[in-house]
Amino acid sequence: MSSLEKILHIAFKEKWSTGHFNFSESDQLRAICEAAAELKSPVLVGTSEGEAKHMGYLEARALVDAFKQELGVPIFLNSDHHKSVAAAKRAIDAGYDSIHIDLSASPFEENVRGTKEIVEYANSKFSIFNLQFSIEGELGYLRGDSKIEKEKIEVKKEDYTNPDEAGRFVQKTGINRLAISVGNIHGISLDEPDLDIELIKKIRTALPENVALVLHAGSGIPDEMIKKAIEAGISNIHINTDIRLAYASALRAQLEQSEETTPYKFDASAREALKKVVKEKLELFGSVNRI
Ligand code: G3H
Ligand code: ZN
């Protein structure tokens, strides 16, 4: 069991959740890591394919190592929503701690095949280099992007994760975490998301205890619903839009109100705004004082 798996298992048993936050700049990463360190919380940080392309896989790895060393907290680097086997292998090769292989847009058997290939590839690296990996697969279809959505987004019946399929998917692939579609939508949509808490419970029951359930698209979900989702068995929650908004709004305001040209000065308020949101989420998830 990797140390991330151990933390996720403890979180599930004690009914709290770890947080996962995206970054594409080192100052965002610093804000997330400092928030986690100040609250004594383990944390996952992630780069989507686009974010990794901007930041660089090796650069992301090196920076996370530096923050771990400086701050002394467990920080796990995840390849968020990597949508092809080739992209996920790239993250494994760069030494990411955690791989999210998202083939949820493909038919079930194709999703199983590609996800299994990544589990086997990671395991072969594990035995050669004695590294620890946690692999996340995804089943069910998540709509939207991490931004403010101007239109209503309807979650269709066929988008939802089927509990029986989830059980078979986990058994066939050997993944450590499963991302599910239970009414969640990436980004902040015009209508409030309505999570199917009973479905989360059914999926949880269909999976072995050591496989973690992941709730993506955590932005814009009311706090009470997040708490119910954790109670139902979610132990990792992804947040991106909420921190992007906090960062972008503070930066925009700062640039409009002064002629400051020194980057570390004009982006200080953006960093603080992002850090504040991360702290609020870690408190909401019950992840504070867990290390
Ligand atoms: O993988 C990233 C998350 O699911 C972010 O979703 O932008 O709705 O918070 P969000
Ligand atoms: Zn996501």
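The values are calculated or read from the model by the stated rules, or taken from the named source; none is laboratory data. No experiment lies behind these values; they were computed from the predicted model shown. Here the Cβ positions follow ideal geometry from the backbone for every residue, glycine too, while neighbour counts run over all protein chains shown. The accessibility values were calculated without ligands, DNA or RNA, using every heavy atom of the protein model including side chains. Shrake-Rupley method; radii C 1.70, N 1.55, O 1.52, S 1.80 Å.
Only a single criterion out of (1) under 21 Å from residue 56 (Cα atoms); (2) open to solvent by 40 Å² or more (accessible area, probe 1.4 Å) is not satisfied by residue 120, namely (1). Taking the criterion of being touching a Gly at 6+ places or on another chain (Cβ under 9 Å) and in contact (Cβ under 8 Å) with a residue 40 or more places away in the chain, the residues of region 155-175 that qualify are 161, 165, 166, 169, 170, 173, 175.
Of all the listed residues (165, 120, 158, 198), the sole one being assigned to a helix (DSSP H, G or I), out of contact with any helix residue (DSSP H, G or I) (no Cβ under 6 Å at 6 or more places or on another chain) and either within 12 Å of ligand 1 (Cβ to nearest atom) or closer than 22 Å to residue 48 by Cα (or both) is 120.
Take the conditions (1) away from ligand 2 (no atom under 16 Å from the Cβ); (2) open to solvent by 10 Å² or more (accessible area, probe 1.4 Å); (3) farther than 29 Å from residue 267 by Cβ; residue 11 misses just one of them, which is (2). Restricting region 174-187 to residues that are more than 11 Å from ligand 1 (Cβ to nearest atom) and farther than 9 Å from residue 161 by Cβ, the residue that is farthest from the chain's Cα centre (by Cα) is 174.
The condition (being modelled with pLDDT of 95 or more and farther than 30 Å from residue 29 by Cβ) is satisfied by just one residue among 203, 226, 180, 239: 203. Residues that are touching a strand residue (DSSP E or B) at 6+ places or on another chain (Cβ under 6 Å) and more than 11 Å from ligand 1 (Cβ to nearest atom) within region 218-230 comprise just one, 229.
Taking the listed residues 215, 190, 207, the one that is away from ligand 1 (no atom under 16 Å from the Cβ) and not polar (S, T, N, Q) is 207, with no other qualifying.
Taking first residues from region 16-28 that are within 15 Å of residue 98 (Cα to Cα) and within 14 Å of ligand 2 (Cβ to nearest atom) and partners that are assigned to a loop (DSSP other than H, G, I, E, B) and of a type in the set (Ser, Thr, Tyr), the Cβ contacts under 7 Å between residues at least 6 apart in sequence or on separate chains come to 19/287; 22/48. Here residue 233 passes the criteria (1) within 15 Å of ligand 1 (Cβ to nearest atom); (2) touching a strand residue (DSSP E or B) at 6+ places or on another chain (Cβ under 7 Å); (3) not basic (Lys, Arg) except the one numbered (1).
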